[in-house]
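Read the structure below first, then the notes.
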Number of protein chains: 2
Amino acid sequence: MAGQSERTAETRERILSAAAVEFAEHGYAGASISAIAETSGTGKGLVQYHFRAKSDIAAAVIRSVFAVAPFANVLGETPSRGIDAIIGSIRGVGGAFRNDVRVRAAVRLVREYDQINIPLPMPYVGWIARIAGMLNEAADLGEVSPGLDSAREAYHLVANFYGVQEVSSRLTNRDDLMERIEEMMLRSLTVLGVSDVANRLRAGLNQEA
Amino acid sequence: MAGQSERTAETRERILSAAAVEFAEHGYAGASISAIAETSGTGKGLVQYHFRAKSDIAAAVIRSVFAVAPFANVLGETPSRGIDAIIGSIRGVGGAFRNDVRVRAAVRLVREYDQINIPLPMPYVGWIARIAGMLNEAADLGEVSPGLDSAREAYHLVANFYGVQEVSSRLTNRDDLMERIEEMMLRSLTVLGVSDVANRLRAGLNQEA
């Protein structure tokens, strides 16, 4: 039998999942706590027991996304290293932007941050740090040009990704996102001195398929 | 003496300038027509004579930015060509993001588009088309690798710029924007096969200084 604290955690998760759908669809201003209570099947009292205000729900949705894979870059059973890990991480985040409503909600809330009057987790920095670590691995493996500044290159990989997802979102509603991400990686990894990038990207795709 | 239609155009411009300050500072939802009327020194009646609703003012601010330099890439007296024109265009837009309140207003309004219930001009496409034209020039001048797809490369230049300005905006309030843009161009122009990019970027800066 589930204990009290387990049931409480499960209810909180159900509220966050319903909130993600509501925020992704209607944005922060348009989202209603009543709708979240109804969709999650909990009732308004229970929502207010877990979260004092709409802004707290928004912050919790963002935090839950920043805390987990694919940002954590765990690809199934065999975590990859260096450049393969970077490719996996970028593809994973791209796929999540398209397919994971909680990620879409977080991206929209981060974009609307100036409407939300509490401090939110800072975007970008966590992913930049993670990719910088993978670039150090790639340097140890001899996969990139010697002497690269990992933190700076990681910054530009994340910025390029963000730009591509934003333009793809506005121009095609993310229909061409995965294709644009492959084009972006072909260019960015070439700059890093990775050899035979096109084949490497293709090999990775065949492995995943 | 200024004629009636000249005075009318001048009033409209004054309203748009006041609106830009208001939108850049408070966003779409927070901007008030009373404040715009007061700052522009026109009065609410005259604002409403020119614009039916706040959404019409927002659309006019965005259109006025999309219509003019630096997006039009006129650099003083001597318009440059090919790669130099691209470098000038990207630096010009970067500088405008930092220094031109009307551009900052347009960028914020474009980001808040889903709160504005009328069709707005589509961002990115005009600049992508312009840069694609400059890339064709660069190909004719032999400045880039042969056989590049200009439209696709222009898409990625604009997407990279947008990503860099967004991350710079969130992490440093655009303090490091110009530096990040130079880093971005060093990487992007290298991918295009432009030779001796670092010196080329330096030479351009000395010329402007």
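Overview of results
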read-out: Test set (1) of a type in the set (Gly, Ala, Ser); (2) open to solvent by 60 Å² or more (accessible area, probe 1.4 Å); (3) within 14 Å of chain B (Cβ to nearest Cβ) - A:GLY147 fails condition number; value: (3)
read-out: Lone qualifier among A:ARG7, A:ARG12 - being touching a His at 6+ places or on another chain (Cβ under 6 Å) and open to solvent by 30 Å² or more (accessible area, probe 1.4 Å); value: A:ARG12
read-out: Residue in the stretch A:54-64 that is farthest from A:ARG111 (Cα to Cα), counting only those that are modelled with pLDDT under 95 and open to solvent by 10 Å² or more (accessible area, probe 1.4 Å); value: A:SER64
read-out: Hey, B:TYR162 closer than 19 Å to B:ILE87 by Cβ and within 14 Å of another protein chain (Cβ to nearest Cβ) or not; value: yes
read-out: Answer from B:VAL167, B:VAL103, B:VAL107 - the residue that is open to solvent by less than 20 Å² (accessible area, probe 1.4 Å), closer than 25 Å to A:THR172 by Cα, out of contact with any Lys or Arg (no Cβ under 7 Å at 6 or more places or on another chain) and more than 11 Å from chain A (Cβ to nearest Cβ); value: B:VAL103
read-out: Matching residues, the stretch A:1-37, being β-branched (Val, Ile, Thr) and within 19 Å of the chain's Cα centre (by Cα); value: A:VAL21
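The values are calculated or read from the model by the stated rules, or taken from the named source; none is laboratory data. Keep in mind the model is a prediction, meaning the values are calculated, not measured. Neighbour counts are summed over all protein chains in view; Cβ atoms, including those assigned to glycine, are modelled from backbone coordinates with ideal geometry. All accessible areas refer to the heavy atoms of the entire protein, side chains included, with ligands and DNA or RNA removed. Shrake-Rupley method; radii C 1.70, N 1.55, O 1.52, S 1.80 Å.
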